[in-house]
Amino acid sequence: MKRFFLVTPFFFSLLILSSCAETSTLEKIGMITTVGYDKGEDEKIDTTTLILETDPQSMDSTNVISSRSLTSKGARIESNLKSPKKLASGQLRVALYGEDLAKDGLINLADTLSRDHSISDLTFLAIVEGSAGDLLKHKYSQFSDAGQYVYKEIEQNIKGEVIPSPTLHETLHDYYSIGVDPLLPLLKLEDDMINITGMAILKGDKMVGRISPSDSFYVKLVSDRFKAGNFEITFKNGEKEALMPSLPASTDIAIALDTIKSKSKIELKDQNSLAFNLNIHINARLQEINRDIDLKNNENLELIEKKLRKKITKEIEDLIAYSQSKSSDVFGFGEEYRTKAINSNLTDDEWHDMFKDIKVKVNTDFVIIRTGVVE
């Protein structure tokens, strides 16, 4: 019993000392949450580092440090020389790349992140229209932490199945896999806000084009499976099969869909002629329509399904054609080809040349499983 009373204060003292040590260490570390890379002069990289402010007396939630070097590690060394705290990357959540840098290639910078064991492979990557540094250094009136805002903005759009997931792991997987190219969100500073303006399509690690947010929906539809999501689509009233005969054929009819479930399958039909079948099956709930249409009439529903089937097929065909013009296979047709043509010894350069000549027959099966709110 006596020994118990002697030992207890010893352990209690250790607990207090440990707690103090942890606090002291935290105060000495600058936690990097976001980093931005831009093309600098003389082949150098302009790096903007966003650091979480842990001092409760500070007026700002983040600090920004800018540096210039030939490598990202060199930029880290230079940033440390400007920081009162030792910089650590364990809390990095977003890496941004300026458009000019992305057009030259970003794999070296992305690969460097993956080699840092303290950085999560779930870190988001994105490309900024203009300068990544300007986006991070801008003083926003509605929020104080640009890095956290971008992270949450990308995260909620992934969860809403609006855009494909752009994590470090997924981007590097697509880059190193033969027959598929990466796709990253495009951000832009507009009217004191950070907006997702679309997706950048990459050929290897170089940005070669851009698509709209609605087009990114179709990419995800082809290459992935939707379990839930919201999507708005517009089609023309039409002449031969007008949904609303009293209105002109050019009248736009907008429909909002949700609870989308889909399955897609890419099939190589002819290896020699590079002919593919793309089969897509979609179940969706019609949530809202901007015209006064009787949805209790089965003929109207069938006509809507037919028009949506035709519109989705056309949109996907146009998107594939655009991707072919950029030699960027963001859909993964090359993976299907490589799987079937086992002895082809396919390389990325070979597939980028072949991809321009593939022929794809898109077969879309669209079914409205339920109707919802109608305006």
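The values are calculated or read from the model by the stated rules, or taken from the named source; none is laboratory data. All values reported here derive from a predicted model rather than from experimental measurement. For neighbour counting, all protein chains shown are included, and Cβ atoms are generated from backbone atoms with ideal geometry for every residue, glycine included. To get the accessible areas, we keep the full protein, side chains included, count just its heavy atoms, and leave off ligands, DNA and RNA. Shrake-Rupley method; radii C 1.70, N 1.55, O 1.52, S 1.80 Å.
Remarks
- Filtered residue count, the range 128-157, keeping only those that are closer than 20 Å to Q91 by Cα, within 21 Å of the chain's Cα centre (by Cα) and not small (G, A, S): 12
- Residues being open to solvent by less than 40 Å² (accessible area, probe 1.4 Å) and at pLDDT below 90 - total across the range 131-144: 1
- When restricted to residues that are more than 17 Å from K311 (Cβ to Cβ), of a type outside the set (S, T, N, Q) and out of contact with any helix residue (DSSP H, G or I) (no Cβ under 7 Å at 6 or more places or on another chain), the range 230-266 contains 7.
- So D357, is it charged (D, E, K, R), within 22 Å of V180 (Cβ to Cβ) and without any contact (Cβ under 8 Å) to a residue 40 or more places away in the chain: no
- Of the candidates E350, E317, E305, the single residue that is surrounded by fewer than 18 Cβ atoms within 10 Å (Cβ to Cβ) and over 30 Å from Y175 (Cβ atoms) is E305.
- Residue count, the range 90-145 (criterion: among the basic types (K, R) and more than 23 Å from E53 (Cα to Cα)): 2
- The residue that is farthest from H352 (Cα to Cα), among those in the range 166-197 that are among the hydroxyl-bearing types (S, T, Y), open to solvent by less than 40 Å² (accessible area, probe 1.4 Å) and out of contact with any Pro (no Cβ under 7 Å at 6 or more places or on another chain), is T167.
- Taking (1) outside any helix (DSSP H, G or I); (2) under 16 Å from Y37 (Cα atoms); (3) out of contact with any Phe, Trp or Tyr (no Cβ under 6 Å at 6 or more places or on another chain) in turn, S118 satisfies each apart from (2).
- Filter result for the condition that a residue is out of contact with any Cys (no Cβ under 7 Å at 6 or more places or on another chain), without any contact (Cβ under 8 Å) to a residue 40 or more places away in the chain and within 30 Å of D104 (Cα to Cα), over S216, S212: S212
- In the range 206-220, the residues that are touching a Phe, Trp or Tyr at 6+ places or on another chain (Cβ under 9 Å), at pLDDT 90 or above and either open to solvent by 20 Å² or more (accessible area, probe 1.4 Å) or more than 23 Å from D348 (Cβ to Cβ) (or both): D215
- Looking across the range 329-347 at every residue that is open to solvent by 50 Å² or more (accessible area, probe 1.4 Å) and not in a helix (DSSP H, G or I), the one that is nearest to E288 (Cα to Cα) is identified as T347.
- K240 open to solvent by 80 Å² or more (accessible area, probe 1.4 Å) and in contact (Cβ under 8 Å) with a residue 12 or more places away in the chain: no
- The set of residues in the range 244-293 being among the hydroxyl-bearing types (S, T, Y) and either assigned to a strand (DSSP E or B) or buried (at least 18 other Cβ atoms within 10 Å of the Cβ) (or both) consists of T259, S262, S264.
- Filtering the range 221-232 to residues that are open to solvent by less than 20 Å² (accessible area, probe 1.4 Å) and either β-branched (V, I, T) or assigned to a strand (DSSP E or B) (or both) leaves only V222.
- Where helices (runs of 4 or more DSSP H) fall entirely within the range 1-112, those with at least 1 residues that are in contact with a Gly (Cβ under 9 Å, 6 or more places away or on another chain), at pLDDT below 85 and open to solvent by 30 Å² or more (accessible area, probe 1.4 Å) are at 72-81.
- Residue within the range 116-125 that is buried (at least 16 other Cβ atoms within 10 Å of the Cβ), among the hydrophobic types (A, V, I, L, M, F, W, C), in contact with a Pro (Cβ under 8 Å, 6 or more places away or on another chain) and over 18 Å from D192 (Cα atoms) present: yes
- The residue pairs whose first member lies in the range 309-322 and is at pLDDT below 95, whose second member is open to solvent by 70 Å² or more (accessible area, probe 1.4 Å) and of a type outside the set (S, T, N, Q), and whose beta carbons are closer than 7 Å, counting only pairs six or more residues apart or on different chains, do not exist in this structure.
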